[in-house]
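The structure appears below as structure tokens.
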Amino acid sequence: MSALTERTEPMETASGYRAGRTLPLRVELVRQLGRRRTLVMGGILAVLPFVLLIAFAIGGDPSSRNGQVTLLDTATASGANFAAVNLFVSAGFLLVIPVALFCGDTVASEAGWSSLRYLLAAPVPRARLLWSKLVVGLGLSLAAMILLPAVALAVGTAAYGWGPLHIPTGGVLDSGTAAQRLAVAVAYVFVSQLVTAGLAFWLSTKTDAPLGAVGGAVGLTIVGNVLDAVTALGHWRDFLPPHWQFAWADAVQPHPEWSGMIQGGAISVSYALVLFALAFRGFARKDIVS
């Protein structure tokens, strides 16, 4: 009887142990910042504005085609225009990669290194481990999206001067307003990529191969873009997150239109919440062997 009682009594925790204090965010952030893939991705995003600057210097100022002026045609008008163009050419695919990388590599890499079970044996609660990794992954994703337009704005200002944002459809936004609208655009791009983050994070909890999680998220995002190009789907495309990926352009207008960004943000957040919930639910029941 006494032996049975000893087995059914809850095990006492160590003195001073607090589950909420395990794997602090600053520790996880330092670990992720020091990884080579973080430094490489940051370097790529920081170099892109210089690549475009050289391209414009070699090819000359962009000019309109068939009498239609696009955002690309205004790239050299001011630093604000150059930043907007950098955001335009990267939002569709390039910015998907750091989101998929930072959110898809985080858990799967621990499993691939066979260190995941040791983290849980520390003991770090599973929900706490996922929460720390998700917050840091999203934070690095946001930093990547801020880095690109910030460097582009600095490079563009040095090359083309500080001035108003020239709108292709006509009109200008003064420098202060342009900076605010670009900040709104970056915030929307981040929200629109939450679905990619959720997909990558969920896949990261399902596989021990980081490349599988990252590649799967990028691949399915590409599939979404392909489906969005199929006009025969009609209004069904409105439920595809890629359909709204350039809705941020409505913010850099003389009279901004918010309906597209609201709808696109709502769809992205809805998908992301479901995927994050699946990740936490599945990981809580997963048999960790690596």
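The values are calculated or read from the model by the stated rules, or taken from the named source; none is laboratory data. Just so it is clear, the structure is predicted and the values come from calculations on it, not from any experiment. FYI the Cβ positions are ideal-geometry reconstructions off the backbone, even for glycines, and counts take in every protein chain you see. Side chains are part of the model used for accessible areas, which takes the heavy atoms of the whole protein and leaves out ligands, DNA and RNA. Shrake-Rupley method; radii C 1.70, N 1.55, O 1.52, S 1.80 Å.
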Query raised in the report: Which ones in the stretch 177-190 are more than 17 Å from Trp258 (Cβ to Cβ) and open to solvent by less than 40 Å² (accessible area, probe 1.4 Å)?
Result: Ala178
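State all residues of the stretch 97-115 that are assigned to a helix (DSSP H, G or I) and either touching a Pro at 6+ places or on another chain (Cβ under 8 Å) or surrounded by 24 or more Cβ atoms within 10 Å (Cβ to Cβ) (or both); if no residue qualifies, say none.
Selection gives Pro98, Val99, Ala100, Leu101, Phe102, Cys103, Gly104, Thr106, Val107, Ala108, Ser109, Gly112.
Please work out if Asn86 is at pLDDT 90 or above, in contact with a His (Cβ under 7 Å, 6 or more places away or on another chain) and either of a type outside the set (Lys, Arg) or closer than 23 Å to Gly212 by Cβ (or both). Reasoning before the result, please.
Numbers: at pLDDT 90 or above: yes; in contact with a His (Cβ under 7 Å, 6 or more places away or on another chain): no; either of a type outside the set (Lys, Arg) or closer than 23 Å to Gly212 by Cβ (or both): yes.
Against the criterion (at pLDDT 90 or above, in contact with a His (Cβ under 7 Å, 6 or more places away or on another chain) and either of a type outside the set (Lys, Arg) or closer than 23 Å to Gly212 by Cβ (or both)), Asn86 does not qualify.
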Query raised in the report: For Gln193, are the conditions met, namely being in contact (Cβ under 8 Å) with a residue 24 or more places away in the chain and either of a type outside the set (A, V, I, L, M, F, W, C) or open to solvent by 20 Å² or more (accessible area, probe 1.4 Å) (or both)?
Result: yes
Requested in this report: Note down all Cβ pairs under 7 Å where the first residue falls in the stretch 86-106 and is farther than 25 Å from Lys206 by Cα and polar (S, T, N, Q), the second is at pLDDT 90 or above and in a helix (DSSP H, G or I), and they're at least six residues apart or on different chains.
Outcome: Asn86/Leu48; Asn86/Pro49; Asn86/Leu52; Asn86/Leu148; Asn86/Pro149; Asn86/Ala152; Ser90/Leu48; Ser90/Leu148
Query raised in the report: Could you say which residue among Leu119, Leu130, Leu134, Leu140 is farther than 21 Å from Ala277 by Cβ, open to solvent by less than 40 Å² (accessible area, probe 1.4 Å) and at pLDDT 85 or above?
Result: Leu140
Report summary line: In the stretch 229-264, anything within 30 Å of Ala178 (Cβ to Cβ), open to solvent by 30 Å² or more (accessible area, probe 1.4 Å) and assigned to a helix (DSSP H, G or I) is listed as Asp238, His243, Trp244, Ala249, Asp250, Ser259, Ile262, Gln263
